[in-house]
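Chemist: The structure under discussion is supplied below as structure tokens; questions concerning it will follow.
Just so you know, all these numbers are worked out from the coordinates, no wet-lab data involved. In this text the structure is predicted, and so the values were computed from the model without any measurement. We place every Cβ from the backbone using ideal geometry, glycine too, and count neighbours over all the protein chains shown.
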Amino acid sequence: MTSERRPEVHDLKSDPIPFEDAWSGSKKAEVRVNDRNFQVRDWLFVREFREGRVQDREFMASITHIQSGYGLPENLVVLSFQIHEWYVEGQCVTDEQAPVADAYALDIGP
């Protein structure tokens, strides 16, 4: 009898610009150090992190593909993901509400 590994949830922080790109749907992959044994079907709980603090937006995504090798350093992987749930101030919002960037304007300009 073989036991299949159960999907894990990985709690990650993201800087504001890449977080915004993922939140809006334009970013679908992330380069990460593979220090957590990421696997396809694992979950990513990603929190916006700015100025040393977790912010009010986060999302839950599933890993759909993992790329390693092909010129990447041995400890790096590219995680392709699909967002399933968006959260603002701890409340789940629909996918139609979540990507509205101007409602959550970032103060990250020059």
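Chemist: More than 23 Å apart: what percent of Cα pairs in region 9-94 qualify?
Modeler: In whole percent, the share of Cα-Cα pairs in region 9-94 beyond 23 Å is 20.
Chemist: Ok, one more. Rank these for me by crowding, TRP23, TRP86, going from fewest to most other beta carbons within 10 Å.
Modeler: So the residues, fewest neighbours to most, are TRP86, TRP23.
Chemist: By count of other Cβ within 10 Å, fewest leading, how are ARG5, ARG32 ordered?
Modeler: Exposure proxy ranking, most exposed first: ARG5, ARG32.
Chemist: Less than 15 Å Cβ to Cβ from GLU8, Lys/Arg counted +1 and Asp/Glu -1: what total charge do the surrounding residues give?
Modeler: Combined, the nearby Lys, Arg, Asp and Glu give +1.
Chemist: Enumerate the amide H contacts of GLU85 below 5 Å, restricted to partners 5 or more residues apart or on another chain; note that Pro and chain-start residues carry no placed amide H.
Modeler: Long-range HN contacts for GLU85: MET60.
Chemist: For the pair ASN37/ARG50, report the inter-label distance in nm, with labels modelled 7 Å from Cα in the Cβ direction.
Modeler: If labels sit at ASN37 and ARG50, their model points lie 3.6 nm apart.
Chemist: What residues qualify as long-range amide H neighbours of ASN34, i.e. H under 5 Å apart, gap of 5 or more or another chain, H built at 1.01 Å from N?
Modeler: LEU76, VAL77
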